[in-house]
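Here's the structure, in structure tokens; my notes come after.
The values are calculated or read from the model by the stated rules, or taken from the named source; none is laboratory data. Bear in mind the structure is a predicted one, so any value in this text is a computation, not a measurement. Every residue, glycine among them, receives a Cβ derived from its backbone with ideal geometry; neighbour counts consider all protein chains shown.
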Amino acid sequence: MNVKEYNQSVDLYSDNVFRFILKNIKDEERARDIVQDSYEKLWRNAGNVNFDKVKSYLFTTAYHTMIDVLRKDKRQTYMADYQIPEDVHDKQYSDLAEILEIAVRQLPEIQRTVVLLRDYEGYSYQEIGDITTLSEAQVKVYIYRARVFLKNYIGKMELVV
């Protein structure tokens, strides 16, 4: 990969990587840092990365960097910081996007990641497996479980709309 291709990858993929990370961690500054770290790693490995594979490389690198950041944060949090989530949302409310975002935040980390990659970014099961180092079957199971949780959390559509 040359400098022109590197700059082109920044133009093409930086916003998508940022959105993906932001949806997972909900912290703009950290998301920017993770994206920047991912591009730094790409720059250091530019000679080894084929431009055709740069999108997958960036998402994979950003995902693993995000996991490292989350693990580091998890070691530094206290039990008093945790809130026990409700299993079902049954209050009448009309902003489905907000309810869905709250529900997605309730998902376990791996389920949230695969759902975001599949439903928000449009990756195939195989591509998600490559990014997360899971098998295609594992990806499908996590997506199914996440969707079941989201369905139960949101409840009946009549209550939401």
Of all residues in region 25-50, which are of a type in the set (S, T, N, Q) and either out of contact with any helix residue (DSSP H, G or I) (no Cβ under 6 Å at 6 or more places or on another chain) or surrounded by fewer than 19 Cβ atoms within 10 Å (Cβ to Cβ) (or both)?
-> Gln36, Asn45, Asn48, Asn50
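Would you check if Ile102 is within 21 Å of His64 (Cβ to Cβ) and of a type in the set (Val, Ile, Thr)? Outline the logic, then answer.
Numbers: within 21 Å of His64 (Cβ to Cβ): no; of a type in the set (Val, Ile, Thr): yes.
So Ile102 does not fit the description; no.
Check whether at least one residue in region 50-68 is more than 21 Å from Leu22 (Cβ to Cβ), acidic (Asp, Glu), part of a helix (DSSP H, G or I) and modelled with pLDDT of 85 or more, and report yes or no. Break it down stepwise before answering.
Pass one, region 50-68, residues more than 21 Å from Leu22 (Cβ to Cβ): 50-53.
After this cut, where a residue has to be acidic (Asp, Glu) as well, the list is 52.
Applying the additional criterion that residues be part of a helix (DSSP H, G or I) yields 52.
Filter again for modelled with pLDDT of 85 or more, leaving 52.
Yes: region 50-68 contains one or more residues that are more than 21 Å from Leu22 (Cβ to Cβ), acidic (Asp, Glu), part of a helix (DSSP H, G or I) and modelled with pLDDT of 85 or more.
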Pairs returned, first residue in region 120-131 that is free of Cβ contacts under 8 Å to residues at least 12 places away in the same chain, second residue that is of a type in the set (Gly, Ala, Ser) and in a loop (DSSP other than H, G, I, E, B), beta-carbon separation under 8 angstrom, 6 or more apart or interchain, are Gly129/Ser135
Quick one: which helices (runs of 4 or more DSSP H) lie wholly within region 69-161 and hold at least 2 residues that are modelled with pLDDT of 85 or more and surrounded by 10 or more Cβ atoms within 10 Å (Cβ to Cβ)?
-> 96-106, 109-115, 125-132, 136-154
How many residues are part of a helix (DSSP H, G or I) and in contact (Cβ under 8 Å) with a residue 60 or more places away in the chain if we restrict to region 13-49?
-> 5
